[in-house]
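The values are calculated or read from the model by the stated rules, or taken from the named source; none is laboratory data. Since the model is a prediction, treat every value here as computed from it, not as a measurement. No Cβ is skipped: glycine too gets one built from the backbone with ideal geometry, and neighbour counts run over all protein chains shown. What goes into the accessible areas is simple: the full protein's heavy atoms, side chains included, and nothing from ligands, DNA or RNA. Shrake-Rupley method; radii C 1.70, N 1.55, O 1.52, S 1.80 Å.
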Amino acid sequence: MIKSMLFAAVAFVPLCLGQAQAAEYNWDQSTEYGPNSINTKTDVFFADRLKELSDGKIAITIHSGAALGFREKDHLFAVADGALPIATTVSGTLAGVDPIFLLSSLPFVAKDFDDVRKLWDIARPYYEKVFEKYDQKLIHAGWIDPSGIWAENEIKSPADLKNLRIRTYDATGTRVLNALGASPLQISWSDVVPQLATGSISAVLTGVDGGAAANFWDYTSVFTQINYAMPLTFVHMNMDVYNSLTPELQKAVMQAGEEATEWRATQIRQNQTAKYDELRSHGMTVVEKVDAGFAQTLTDAAQPVIDDWKAKTGSRADEILAKFAAE
């Protein structure tokens with residue numbers, strides 16, 4: 001049933017990124033993110049680079065904006081079943097499968113881009129084991145810019161969060177913001193703009209890049225950078241599809257993935273200041289840093305969530321955080 005839905009969806013998608021050329025392998029890659037987001041731009045980079053490295057033998061069509069009808073919550077099982085050969089999924093969406101996927105979105109653990117890279121390098125083998133349990137190969141991952149709050153007003157104290165109907169991207173963010181007095185809702189990315197437009201939510205927890213790509217300035221007036229977290233986005237492939245490739249093509253897939261991670265990391269570093277300027281050009285106020293007292297309040301609110309994550313994740317959590325602290 002799922003496969004037939006996929007083929008039907010493909011038949012009615014009028015416009016997709018990266019149209020596939022004649023090749024030995026033609027893959028459809030699903031993503032919820034729009035064409036201007038760093039997630040989709042990285043997917044396109046990966047697809048283009050893989051086409052080069054494989055001498056045109058592998059072609060990927062990127063279906064952005066959930067054009068194939070799959071939401072991120074569907075991706076793990078759709079790829080496992082073979083309904084999708086490859087997909088792009090943000091880490092928090094997978095938290096129900098294994099709490100290890102909440103690592104990169106733990107609040108205020110990774111303080112900067114160097115920290116988030118270090119966490120990725122340490123935790124990658126743990127992520128790979130979970131994907132393997134679901135008959136999948138983890139190809140690459142990348143992080144977004146630090147999450148802040150898009151809202152009508154500046155967020156400078158817990159009072160500004162009181163009863164704020166704010167979108168979060170995982171259970172961790174929902175718990176932290178609830179503890180701070182907000183009214184958080186975990187909402188899939190492709191549903192955020194419709195809910196902003198109708199007033200169902202009035203604020204969004206996400207990075208500056210994603211919000212700019214979705215024109216959040218049409219619905220909010222202030223972006224407050226709280227450096228909440230830099231969650232990972234994974235690209236994962238059906239293991240049978242991966243195993244069907246020759247060793248040379250497998251090497252090309254993994255090399256394209258490594259290069260995509262590096263390309264994205266560079267783009268994110270260069271992009272943040274430019275995005276702040278873009279927001280200001282649309283009349284938004286950008287608060288690049290909150291005061292130390294509020295930052296500590298946010299960190300204190302996150303600690304019970306971190307402790308709970310450690311308890312659920314077990315020895316893996318202690319191993320990862322001990323390595324992180326030691327490096």
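Overview of results
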| item | result |
| --- | --- |
| Region 318-327, subset closer than 11 Å to Val109 by Cβ and of a type outside the set (Val, Ile, Thr), residue surrounded by the most Cβ atoms within 10 Å (Cβ to Cβ) | Leu321 |
| Residue within region 258-279 that is closer than 19 Å to Val44 by Cα, part of a loop (DSSP other than H, G, I, E, B) and not basic (Lys, Arg) present | no |
| Every residue from region 213-224 that is open to solvent by 30 Å² or more (accessible area, probe 1.4 Å) and on the phi < 0 side of the Ramachandran plot | Ala213, Trp217, Asp218, Tyr219, Ser221 |
| Residue in region 188-198 that is crowded, with 19+ Cβ neighbours inside 10 Å and either of a type in the set (Asp, Glu) or farther than 30 Å from Asp48 by Cα (or both) present | yes |
| Considering residues of region 155-180 that are in contact with a helix residue (DSSP H, G or I) (Cβ under 7 Å, 6 or more places away or on another chain) and open to solvent by 70 Å² or more (accessible area, probe 1.4 Å) only, the residue nearest to Glu72 (Cα to Cα) | Arg175 |
| Residues of region 225-281 that turn out to be out of contact with any Lys or Arg (no Cβ under 9 Å at 6 or more places or on another chain), open to solvent by 60 Å² or more (accessible area, probe 1.4 Å), within 17 Å of His140 (Cβ to Cβ) and in contact (Cβ under 8 Å) with a residue 24 or more places away in the chain, as a count | 1 |
| Test for Gly210: is it under 16 Å from the mean Cα position of the chain (by Cα) and either surrounded by fewer than 16 Cβ atoms within 10 Å (Cβ to Cβ) or farther than 20 Å from Val290 by Cα (or both) | yes |
| Which listed residue, of Ala317, Ala326, is over 22 Å from the mean Cα position of the chain (by Cα) and not polar (S, T, N, Q) | Ala326 |
| Ala252 modelled with pLDDT of 95 or more, in contact with a strand residue (DSSP E or B) (Cβ under 6 Å, 6 or more places away or on another chain) and part of a helix (DSSP H, G or I) | no |
| Flag for Lys310 being modelled with pLDDT under 95, in contact with an Asp or Glu (Cβ under 8 Å, 6 or more places away or on another chain) and assigned to a helix (DSSP H, G or I) | no |
| Count - residues of region 289-307 that are without any contact (Cβ under 8 Å) to a residue 40 or more places away in the chain and either within 24 Å of the chain's Cα centre (by Cα) or on the phi > 0 side of the Ramachandran plot (or both) | 2 |
| Region 291-300, residues that are open to solvent by less than 70 Å² (accessible area, probe 1.4 Å) and either outside any helix (DSSP H, G or I) or within 14 Å of Asn227 (Cβ to Cβ) (or both) | Phe294, Ala295, Thr297, Leu298, Thr299 |
| Hey, Gly142 touching a Ser or Thr at 6+ places or on another chain (Cβ under 6 Å), modelled with pLDDT of 95 or more and either over 21 Å from Ser91 (Cα atoms) or open to solvent by less than 20 Å² (accessible area, probe 1.4 Å) (or both) or not | yes |
| Pair list, Cβ < 9 Å and 6+ apart or interchain, from region 161-176 residues that are without any contact (Cβ under 8 Å) to a residue 24 or more places away in the chain to residues that are open to solvent by 50 Å² or more (accessible area, probe 1.4 Å) and not hydrophobic (A, V, I, L, M, F, W, C) | Thr174/Gln186 |
